[in-house]
Structure formats: structure tokens, C-alpha cells
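The values are calculated or read from the model by the stated rules, or taken from the named source; none is laboratory data. What you are looking at is a predicted structure, and each value in this text was computed from that prediction instead of being measured. Cβ atoms come from the backbone with ideal geometry, glycine included; neighbour counts cover every protein chain shown. SASA here: full protein model, heavy atoms, side chains in, ligands and nucleic acids out. Shrake-Rupley method; radii C 1.70, N 1.55, O 1.52, S 1.80 Å.
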Amino acid sequence: AGPAAPLKDLVPAPFGATAMTGQLDDPAWREAVLRHCSQLTPEWEQKMERTLGPGFAHDFSASDRVVAFARDHGLRVHGHTVIWYSQGSEVFTDDLPRDRFAAEYDRYIHALVGRYRGRMAGWDVVNEPVTEDGNGLRDCHWSRALGPEGYMVRAFQQAKAADPDAVLFLNEYNLENIPAKGATFLRLVERLLTLGAPIDGIGTQSHLNIEIPAGRVRDFFRDSASLGLPIHVSELDFPMQRDGGHLPDLRSTAERRAQQVARVGELAEAFAALPERQRYAFTTWGLRDPDSWLVRAEGRNRTDESALLLDAEARPNPAYQALVDAF
Ligand code: XIL
């Protein structure tokens with residue numbers, strides 16, 4: 001088969017993938033991204049591990065490179081991520097006086113989001129606020145300093161002030177895989193809206209567990225669509241295996257492949273069923289299999305992840321056909 005037809009023409013919304021500064025000068029990566037993508041998400045260049053140093057020093061140089069690459073090639077940029085439980089605690093420490101913490105919190109948000117004012121399609125303003133089991137809100141340095149809901153309301157309000165044009169998202173994973181987490185997340189969005197958080201959109205990461213039964217993906221999209229907000233499939237991938245380097249022996253590869261393709265098809269159909277104004281973008285976390293964060297994780301079997309739509313040569317993986325059928 002020849003090269004895959006461009007995903008940006010197949011998907012009924014901007015089609016995105018991640019970008020890292022180390023990929024920008026790779027000819028094969030550039031060729032595939034410019035053929036398939038209409039949007040990019042910096043994979044880590046806008047995270048605090050890269051942008052925030054001791055003494056609240058800001059360094060957005062890597063972010064600037066990804067944003068400039070996108071601008072130079074006419075691609076939209078989705079910002080990821082402003083406030084995340086997983087990073088920033090070395091600088092935003094628990095022993096900081098609250099007023100200093102809050103002042104630096106606001107300053108950081110204005111520095112990052114305001115830097116690209118008017119040039120970003122949207123931002124993941126808060127990432128992964130719900131507990132792993134889906135039954136509550138994460139305890140983290142942000143919640144301890146500014147309140148479990150307060151830090152989120154504040155982040156959205158500051159981001160909106162910094163860039164009124166960007167679509168502001170609350171972003172989370174396992175919303176399809178774990179129905180309780182999806183329900184908690186949607187209740188949280190509604191709660192934060194009543195508290196005055198200017199949340200404009202819902203980001204579902206969609207790191208799919210292909211072992212889930214049919215219907216969970218459809219049900220989550222039905223429930224999330226009812227909020228009436230734009231939805232971003234923000235980090236789609238669908239590894240053939242779970243948690244470590246071995247395919248569970250309870251199913252043949254062919255059976256798991258069929259499950260994988262079925263779940264991706266269910267998600268594509270659910271996304272396509274959304275009203276156009278609720279289809280913000282459809283992003284995979286990596287474009288080609290070798291670009292996947294999953295192949296960088298320790299101890300994974302690199303040969304059969306096929307967790308993305310394109311293989312190492314940017315040819316269609318089996319799941320690509322599920323999009324063709326759905327869209
Ligand atoms: C991941 C990156 O892909 C890795 O390179 C990095 O080491 C850790 O973070 N959910 C998210 C993303 O919102 O920011 C994470 O990205 C993957 C899970």
C-alpha cells in the first residue's frame with residue numbers, strides 16, 4: 001500500500017500529534033507531520049520540568065521553538081500543560097508563605113499563557129486533577145496551597161485573563177476506561193463552572209485500555225457531549241499490551257488486534273457524532289509508532305505496541321482503517 005492518505009483530511013476536526021524539539025530537525029518526522037497534521041501539542045516543552053527553575057526562574061526557550069515551528073508551517077498549537085499535579089513541587093514548595101505561592105502561581109500562568117497570547121488554539125490549563133480511582137480530587141502542592149477546587153478556578157481565571165482567545169481545557173485520562181472517573185470528571189467540570197472557572201473545553205486523553213468492554217467509550221462521549229462544550233481527544237493511543245512488556249497470554253494477538261481496532265473505531269464514531277462546534281481537535285500522543293512515549297517506557301516490548309495510527313515508515317497501522325470506516 002502507498003503512503004497513508006493525510007489524517008488531517010480524514011478526521012472531521014484538526015488532527016494533531018505531539019512534537020518535541022528533538023524531532024523538529026528530523027526529515028522523516030517533518031515529512032510525516034506536515035503530511036498528516038494540522039495541529040501540534042508540545043510533548044514536554046511547556047511543562048514545569050522544562051520551563052520553571054529554582055527561584056521561580058522561567059525558561060520558555062524550548063516552547064518557543066515548537067511554537068515557531070508550528071507557525072512557520074501553518075499548524076495550530078495546543079498548549080500542554082499549565083498546572084499539573086505531577087510537576088512544579090520542587091519550586092512551589094509546601095513551606096512557602098501562601099501569598100508568595102499565590103503571587104508566583106499567577107505570575108507563572110501569565111508568563112506562559114500570556115507569552116503566546118492570540119496564537120494558541122487552546123491550553124490544557126489543569127491536567128489530571130482526579131484521583132487514580134476516580135473517586136475524588138488529587139492532593140498536591142497546588143491543592144494544599146490554594147484549595148482542592150481553588151487552584152483550578154484560579155488557574156482558569158488567570159489563563160483567561162492572559163489569553164482571552166485560547167480555548168481553555170480541563171484534561172484527564174482513563175475517562176473512558178474507568179466510568180467512575182469519567183463521571184467524577186464531568187461533575188468536577190460542572191462544579192468548577194459554577195465556581196466561576198472559565199472552562200471552555202473538555203480534554204479526554206484517551207490512552208485507551210483495549211480490554212474494556214464495548215460501549216464505555218460511546219457512553220463517556222454521550223455523557224460529556226451533554227455539557228455542550230468543545231471536546232478534545234487530546235492524547236489518543238491504544239497499546240496492544242498493558243503494564244509491562246508481555247502480551248497477556250489469555251488472548252491471541254489477532255484477538256487483541258480486533259479489540260484494539262474495535263475500540264478505536266468506537267471512539268472515532270463517538271467523536272464524529274459530536275456536533276461540529278464540539279469537535280475541537282483529534283490528537284494522538286505521537287504520530288508514528290516510534291514517536292510513542294510508550295516505546296520509551298522501561299521494559300516494554302517494542303515490536304508489537306502499534307499503539308498509534310502509523311507505523312515507523314508512516315504507513316497505516318490496522319487502527320487507521322477504523323478511522324476510515326468511522327469518518
Ligand atoms: C508524558 C510524555 O509523553 C513523556 O515523554 C514524559 O516523560 C511524561 O509525560 N498524560 C499527559 C502527558 O498529560 O503530559 C504525559 O506525557 C502522558 C500522560
Hey, residue 55 in a loop (DSSP other than H, G, I, E, B) and out of contact with any Lys or Arg (no Cβ under 8 Å at 6 or more places or on another chain) or not | no
Could you list all residues from the stretch 78-110 that are within 30 Å of residue 230 (Cα to Cα) and within 16 Å of the ligand (Cβ to nearest atom)?
-> 78, 79, 80, 81, 82, 83, 84, 85, 86, 87, 88
Looking only at the stretch 58-90, which residues are among the aliphatic types (A, V, I, L, M) and closer than 24 Å to residue 147 by Cα?
-> 82, 83
Residue selected from the stretch 38-76 under the condition more than 21 Å from the chain's Cα centre (by Cα) and under 20 Å from residue 166 (Cα atoms), by the criterion nearest to the ligand (Cβ to nearest atom) = 73
Is at least one residue of the stretch 237-250 open to solvent by less than 60 Å² (accessible area, probe 1.4 Å) and at pLDDT 95 or above?
-> yes
All-but-one check, residue 32 against (1) open to solvent by less than 20 Å² (accessible area, probe 1.4 Å); (2) away from the ligand (no atom under 16 Å from the Cβ); (3) out of contact with any Leu (no Cβ under 6 Å at 6 or more places or on another chain); (4) in a helix (DSSP H, G or I), failing number (3)
Candidate set: the stretch 296-327, residues that are farther than 18 Å from residue 206 by Cβ and buried (at least 18 other Cβ atoms within 10 Å of the Cβ); chosen: the one modelled with the lowest pLDDT | 300
Determine, yes or no, whether residue 129 is within 16 Å of the ligand (Cβ to nearest atom) and more than 25 Å from residue 71 (Cβ to Cβ).
-> yes
Taking helices (runs of 4 or more DSSP H) that fall entirely within the stretch 70-179, which contain at least 1 residues that are of a type in the set (Val, Ile, Thr) and open to solvent by less than 50 Å² (accessible area, probe 1.4 Å)?
-> 98-115, 150-162
The stretch 8-27 - residue that is part of a helix (DSSP H, G or I) and within 16 Å of the ligand (Cβ to nearest atom) and, of those, surrounded by the fewest Cβ atoms within 10 Å (Cβ to Cβ) = 22
